[in-house]
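The values are calculated or read from the model by the stated rules, or taken from the named source; none is laboratory data. These numbers come from a predicted model, not from an experiment. Glycine also receives a Cβ, built like all others from the backbone with ideal geometry; neighbour counts cover every protein chain displayed. Areas reflect the complete protein model, heavy atoms only, side chains present, ligands, DNA and RNA absent. Shrake-Rupley method; radii C 1.70, N 1.55, O 1.52, S 1.80 Å.
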Amino acid sequence: MDVTIRALGEPGDLGWVVQAHGEVYANEFGWGTAFEALVARIVADYAGSHDPQREAAWIAEADGRRVGCVFCVDGGAAEGGTGGGTDGGTAQLRILLVHPDARGSGLGGRLVDRCLEFAEQAGYSRMRLWTNDPLVAARHIYLKRGFQLVAEEKHQSLGAELVGQTYERELTPIRS
């Protein structure tokens, strides 16, 4: 499968991210519209006010159709702050998705690598992500790239008992 990764920005990209997350996670985990609404809020926040010097998103395509995505946002901004500061702050990897049709191709790793490279070029000193315990394949990608589990918390959401997991890894900022 010949897959290319490009910057998010073509008509339909934002809607695809929301729709694909909703459909894939409903089929695989039974998560309903509450999860789709969460993804829609993340996408709307990004579309409405992202700083292109500090935040970016990518779409993976195979044979002219979208098969994956990932977002890199300012981790401080995602928590209501700036994420900046003298140390470069924290980038947050968000809404990684590889469509089932493209799994096993290494695409998930390529998307995470793109996110990490951007974060370093943007001057971030660390990257954080939050996931849930059923996402085993994603966790494998994160661990292989040096992320370490820093927190876990049980929660009831999305119609299931889940364990939310926070992972972080240090970065080598390229610019300040």
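Just a few scattered comments:
- Qualifying residue in the stretch 70-85 (condition: in contact with a Gly (Cβ under 7 Å, 6 or more places away or on another chain) and part of a strand (DSSP E or B)): yes
- Any hit, the stretch 13-26, residues being touching a His at 6+ places or on another chain (Cβ under 7 Å), closer than 27 Å to His155 by Cβ, surrounded by 12 or more Cβ atoms within 10 Å (Cβ to Cβ) and of a type in the set (D, E, K, R): no
- Restricting the stretch 27-58 to residues that are outside any helix (DSSP H, G or I) and over 25 Å from Glu117 (Cβ atoms), the residue that is least open to solvent (accessible area, probe 1.4 Å): Trp31
- Residue within the stretch 124-131 that is more than 18 Å from Glu55 (Cα to Cα) and under 14 Å from the mean Cα position of the chain (by Cα) present: yes
- The residue that is modelled with the lowest pLDDT, counting only those in the stretch 115-142 that are under 18 Å from Ala60 (Cα atoms) and surrounded by fewer than 18 Cβ atoms within 10 Å (Cβ to Cβ), is Ala137.
- Counting the residues of the stretch 144-158 that are touching a residue at least 24 places away in the same chain (Cβ under 8 Å) and hydrophobic (A, V, I, L, M, F, W, C) gives 1.
- Residues that are of a type in the set (A, V, I, L, M) and assigned to a loop (DSSP other than H, G, I, E, B) occur at least once in the stretch 1-17.
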